[in-house]
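*Asks:* Got a structure here, written out as C-alpha cells. Questions coming.
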Amino acid sequence: MCRWRYTHRKIQEMLNVTSSFISKWESRYIEPVAEGLKLGYSERESYLSSQERKEVIQWLKQKGEWNLAELIEYLQ
C-alpha cells in the first residue's frame, strides 16, 4: 500500500473530478489492485483528440522528468 495519500479535495482540484468518482476508484483499488482496476475499466470517448494525444506524448518524451502539475498546466 502507498505511504503517501492525497485528500479528496486535492485530487478533485488536480483532476477536476467529483469526490464520489474518487471514492469509487479508491474502493476498487483496495480490492486486489490489478483485478479491481481491470474489472472497472470501460472505454469511453477521450477528452483529447488523436492529434492532441500524440502532441502530449511527444511533449512527455522530450521531458527528462515528469511532474503532474506541469502536465496539468500543459493540458489546460
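The values are calculated or read from the model by the stated rules, or taken from the named source; none is laboratory data. Bear in mind that the values here come from a model prediction, so they are computed numbers and not experimental data. Only protein heavy atoms, including side chains, enter the accessible area calculation; ligands, DNA and RNA are left aside. Shrake-Rupley method; radii C 1.70, N 1.55, O 1.52, S 1.80 Å.
*Asks:* For segment 47-76, which residues satisfy the criterion of being open to solvent by 90 Å² or more (accessible area, probe 1.4 Å) and basic (Lys, Arg)?
*Replies:* 53, 54, 61
*Asks:* Check every one of the helices (runs of 4 or more DSSP H) wholly within segment 5-76 and list those with 1 or more residues that are modelled with pLDDT of 75 or more.
*Replies:* Of the helices (runs of 4 or more DSSP H) lying wholly inside segment 5-76, those with at least 1 residues that are modelled with pLDDT of 75 or more span 8-15, 19-30, 50-62, 68-75.
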